[in-house]
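Accompanying notes for the structure given below.
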Amino acid sequence: SSSGPPSLSQVSTPCIVAAMALAMRRALGQLAGCRRDFLGQACAAGVAVGRPTLPRMRPAGTAPASALGARGGARAFASGKDSKDEVLLDSWVCPDALYEATMGGDEETSLDVDQQFIHDFGRRNEVWRQRVLRDDPDLFTQIKAGQSPKYLWIGCSDSRVAAENMIDARPGEIFVHRNVANLVVNTDFNVRAVLKYAIDYLKVEHVIVCGHYDCGGVKAAFKNQDHGDPLESWLACIRDVYRYHQEELEAIINEEERHKRFVELNVVEQCLNLFKTSDVQRRRAHTGSRPDKFDCAFPRVHAMVFEPSDGILRRLPIDWKEYIKKYRNVYQLYDADDFVSSYEGA
């Protein structure tokens, strides 16, 4: 018998495959370690690092790889192996910037629908970013440190009425919640979670409910038509506003004017819904009982309406004290005099 390693012909195919797989895994592990060291050094130096490029087949009819940018491939977040037994990095890898994702293509016409969308959004994001860097160079450093807005804005989801546009706000200035017809529904966990976070953690001083004329949600609530759930269930909350003020609304002859008044009354009712919540009452009771620390009871609640045809925000003059006095025995949960005991028992 001969000594020494067996010849290739004496080794079975499964053994060869297993040995090659083991060698490949070890090599990938070493590469991952090198990449982790590189990423750590790059991040410490403030250098953006892209994803590794993974070769792949391009389906017929799609854009060439050059149009997808030089940094394609899958992101990896956890150490160990995935379901395909591939080694994963144990460090986060920054995603591609949108504006870089389609760089390298010969012509924009070579992009498919999704790539064109990414291209357009990326270009607009970069234009905005460069404008901010020019006009307010410290902004990104400031907002990276966190947020401390003074305002909670509850507005409509309509694409024409973004809060930041209407008051020319900077990023980090307004905490925003939007839904169809700017409703404050006390059983809606979404708006209640926003309200809780804004009042108890961000300590906002002002809550604005802003409606707008030509509101599609309010118009839909005018119609005796089933719009299908969940939309119809949502519109029922607006119809309740009509029921509360039916006599006043039906006295208005002109349909457009009736719609505008309906929009305004809807805003008023949502503000009253805010006053009903334990979050608002608890905070107002606390701040109102500390004149040494607060100028008045916070948060302040404001009713506003936006006119799309001229871009003007209009305030709705409402005597909140009269409303609160009228319904105090129904909705009041806290009082400044017994705030401590009420809060501890809440």
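For Arg178, the residues 5 or more places off, or on other chains, whose built amide H falls under 5 Å of its own are Gly155.
Would you mind getting the accessible area per residue of the stretch 155-290, heavy atoms of the protein chains only, 1.4 Å probe, in Å²?
On the way: 6580 Å² over 136 residues.
I get 48 Å² per residue for this part.
In nm, to one decimal, how far is the Gln116 label point from the Lys276 one, both placed 7 Å along Cα→Cβ? A separation of 4.8 nm, rounded to one decimal place. As a rough guide to protection, the peptides 174-185, 117-128, 283-294 ranked by mean Cβ packing within 10 Å, highest first, stand as 174-185, 283-294, 117-128.
Fully extending the segment from Lys219 to Val127, taken as 0.36 nm per residue of separation minus the present Cα-Cα distance, adds 29.5 nm.
What FRET efficiency comes out for Asp135 versus Glu100 if R0 is 25 angstrom and r is the Cβ-Cβ distance? Round to the nearest 0.05. Could the numbers behind the result be given before it?
Values: r = 23 Å, r/R0 = 0.92.
About 0.60, to the nearest 0.05.
Could you sort out which of Lys196/Lys321; Lys223/Lys260; Lys219/Lys260; Lys196/Lys276; Lys276/Lys326; Lys150/Lys196 sit more than 18 Å apart by Cα distance in this structure? Walk me through the intermediate numbers first.
Values: Lys196/Lys321 23 Å; Lys223/Lys260 15 Å; Lys219/Lys260 10 Å; Lys196/Lys276 13 Å; Lys276/Lys326 13 Å; Lys150/Lys196 14 Å.
Distance filter (> 18 Å) returns Lys196/Lys321.
Roughly speaking, what is the centre-to-centre gap between the stretch 270-299 and the stretch 182-196 when only Cα atoms are used, to the nearest Å? Value for the Cα centre distance between the two parts: 17 Å. Expressed as a whole percent, the accessible surface of the stretch 194-346 that belongs to carbon and sulfur atoms is 48, based on a 1.4 Å probe. When each of the peptides 232-242, 320-330 is scored by how many other beta carbons lie within 10 Å of its residues on average, the order from highest to lowest is 232-242, 320-330.
Each peptide in 296-303, 212-219 receives the mean, over its residues, of other Cβ atoms within 10 Å, and ordering these scores from highest gives 212-219, 296-303.
The values are calculated or read from the model by the stated rules, or taken from the named source; none is laboratory data. A quick note: this is a predicted structure, and the numbers were derived from the prediction, not measured. Methodologically, a virtual Cβ is constructed for each residue, glycine included, from the backbone with ideal geometry; neighbour enumeration extends over all protein chains shown. Protein only, heavy atoms only, side chains kept; ligands, DNA and RNA dropped before computing areas. Shrake-Rupley method; radii C 1.70, N 1.55, O 1.52, S 1.80 Å.
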